[in-house]
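A.B. asks: The structure is given below, and queries will be raised subsequently.
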Amino acid sequence: MKQEWVTGALTAGALAAAVILPAALITPIPHTGGDNAGYLTLAHSLLERGAYLDLWDLREPIHTKYPPIFPLLLAIPMALGVNSWMGFKLVPLFFSVVGLLLFHGWVRRREGVVLAAAATLLLALAPDFLQGTRWLLSEPPFLAFTLLALWLARTGDPPPGEAHPAISQARGGNTEGSRVRGGGSGDTMGPVRLALLTGAVILAFFTRSAGLPLVLALLAWLVIHGRWKPLPWVGAGVLVPAFLWWLRAQRGGEPDYVAEFWMVDPYRPELGTAGAGELAGRVVANAQGYLLEYLPGGLFALPDPLLAGAGMILFVLAGLGWSLRLRQGVGLAELFLPLYAGVLLLWPEVWAGGRFALPLFPLLLYYGGVALFWVGRRLPASLALGAGVAIFLALTIPGAGAWWQEVQENRGCTEWVRVAGPLACHSSAFQEFGAAARWTGERLPSGVGVLSRNPRHFYVLSGQAGQLFPLTANADEFLAGADALGAHVLIVDRLTALTDRYVVPVVRATPTSFCFLAQVGDPQGISTQILAILPPSQRNGAETERGDGVYLERCAQDFPAGGRSRDGTEGRALPPPQSPLVPFLAPRP
């Protein structure tokens, strides 16, 4: 009876943490990066056009970079009328909770309730896991689909591992396991579960292209366990859609992740493809970054001086646990871990970070726990139990403290957002950028074409399509690029140094090519400017530069009635403005 009570309490606590901890951090503010706005735009395109297009781009090209599952998931609440950041964030929150529940069930089946409860709580408190939950990013559904695949792939899983007798009394999991050839647990897999497993792998791959290691792990797993009969069907079911997606990428649009993977720097394509020496350098740099910073920092809210040591200990324990389970049998997880880790080591350093290592977090916690149980079995019962509790508290207490601090900060931010709108808790530069988007969406007709630092966010907040301004400080090249796009408006923002590097020099060099529309922010200081790009025939006015700066003429009232079309002809009539995908909340009177 006592054992059942302990088992029930641990399970209930883990499940409650899986729901409460992520839900408490959801906020109504958007992320300042462009990815979440890009996902919303794609969802809008699926609903409005029935096509997968980059509507934020004036050219409206087909989209080839982000696989479509996450935009499809966002399209569901959008079709139901949701148009708030908080409403859309319920999608990643839901998958965060589902991922934690699947992780708990998978670990409990393999190791019992003690490790399942401890690992679930640690994952729920992991800083980078919670960050993924807070924003409109594809990591939570990708993690959930990956863990669903691991949970479904029960055939071939190693049998439940051995724990210390003192721990075994409270495990609540099966400590017996009949082995089959290849080290499996003896659980048979029928065609329905195999189809569900294949579907989970496909969903993971079409949520993030980084799901390719899971595809390869599934095929290798079938080969190792001698499942030759379904192998062609599973292979076709996974590889044919992947091949069709690759074919779509060849039609144009942004470079897909496979093409960017081999670049020296995806954000500087002019540097070309990485060679063997550069790839070797990547492996060394990424190994150092993930081992000493990204993995321990993403998993545990420890002080910075302790992260390197924690990372090394985690690497040793997880490696030991993985090798112990591999000796007992080869499950899908045992194959996925090294394959995904290999991708992280090889990809461009600019992509490195805890966000992209999220699928490794549950596996590292699991295998680290397996190693600790293995060590504990060789210690006296009281020492093993005491050491286990001490390690658990040393990791969870800082995480719980960091989580509570964020809850308090979010509470104050949420109150302020109710008064001043969803951008209120962001920097003044981003608030000005949002205000410029609002002004442009309300005052200018659709189709004016806006050049800005963050065109995806600008589209979501204003309904105005545009492009990133040309990355050149040469005025002639800059204006030629704007003319080719048919852009009429330029946002001189304060978001990043790119504006100072490219936009400001062009405006200073050719002030008669622009006119002044509006300004948002402090009128006495450096603020965000909204400028009109004049047609080529109107760029020969008098110079307006003075000794203390550059002054622009105010635009004519009929702008942009005399604007030009994308082919350079003037006098195009422009349609009325569109509604933003996520409107601003009106401040309280």
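A.B. asks: When the label point is put 7 Å from the Cα of Arg418 along its Cα-to-beta-carbon vector, which residues of segment 26-46 have a backbone N closer than 17 Å?
C.D. replies: Inside the label zone: 26-29.
A.B. asks: If I take every Cα pair under 8 Å that is 6 or more residues apart in segment 273-356, average their sequence separation and divide by the length, what percent do I get for the relative contact order? Walk me through the numbers before you get to the answer.
C.D. replies: Working: 53 pairs, mean separation 37.7, N = 84.
Here the relative contact order equals 45 percent.
A.B. asks: With a 1.4 Å probe and every protein chain left in place, work out the accessible area per residue of segment 1-114 in Å², rounded to a whole number.
C.D. replies: Values: 4260 Å² over 114 residues.
Ligands and nucleic acids excluded, the result is 37 Å² per residue.
A.B. asks: Taking just the alpha carbons, could you work out the radius of gyration and Dmax for segment 274-401, both in angstroms?
C.D. replies: 15.9, 55
A.B. asks: If each of Gln538 and Glu278 carries a label point 7 Å out from its Cα toward its Cβ, how far apart are those two points in nm?
C.D. replies: That separation, rounded to one decimal, is 4.4 nm.
A.B. asks: Turning to a different aspect of this structure: How much accessible area per residue does segment 423-495 have, in Å², with a 1.4 Å probe? Working shown, then result.
C.D. replies: Details: 2100 Å² over 73 residues.
Here the per-residue accessible area is 29 Å².
A.B. asks: Tally up the carbon and sulfur contribution to the accessible surface of segment 302-344 as a whole percent, 1.4 Å probe, everything protein left in place. The partial results should precede the final answer.
C.D. replies: Working: 1530 of 1920 Å².
So the carbon and sulfur contribution to the accessible surface is 80 percent.
A.B. asks: Something else now. Leaving ligands, DNA and RNA out of it, report the carbon-plus-sulfur percent of the accessible area of segment 27-75 at a 1.4 Å probe.
C.D. replies: Carbon and sulfur atoms account for 52 percent of the accessible area of segment 27-75.
A.B. asks: Also, I was wondering about something else. Using a Förster distance of 51 angstrom, determine the FRET efficiency expected from the C-beta separation of Ile391 and Val504, and round it to 0.05.
C.D. replies: Details: r = 53 Å, r/R0 = 1.05.
The computed FRET efficiency comes out at 0.45.
A.B. asks: Still on this structure: Multiply the residue separation of Ala16 and Ala497 by 0.36 nm, subtract the distance between their alpha-carbon atoms, and state the gained length in nm to one decimal. Please list the in-between numbers first.
C.D. replies: Working: separation 481, 0.36 × 481 = 173.16 nm, distance 4.42 nm.
Answer, rounded to one decimal: 168.7 nm.
The values are calculated or read from the model by the stated rules, or taken from the named source; none is laboratory data. For clarity, every value in this text was computed on a predicted model and none was experimentally measured. Glycine also receives a Cβ, built like all others from the backbone with ideal geometry; neighbour counts cover every protein chain displayed. Surface areas here come from the heavy atoms of the whole protein model, side chains and all, with no ligands, DNA or RNA. Shrake-Rupley method; radii C 1.70, N 1.55, O 1.52, S 1.80 Å.
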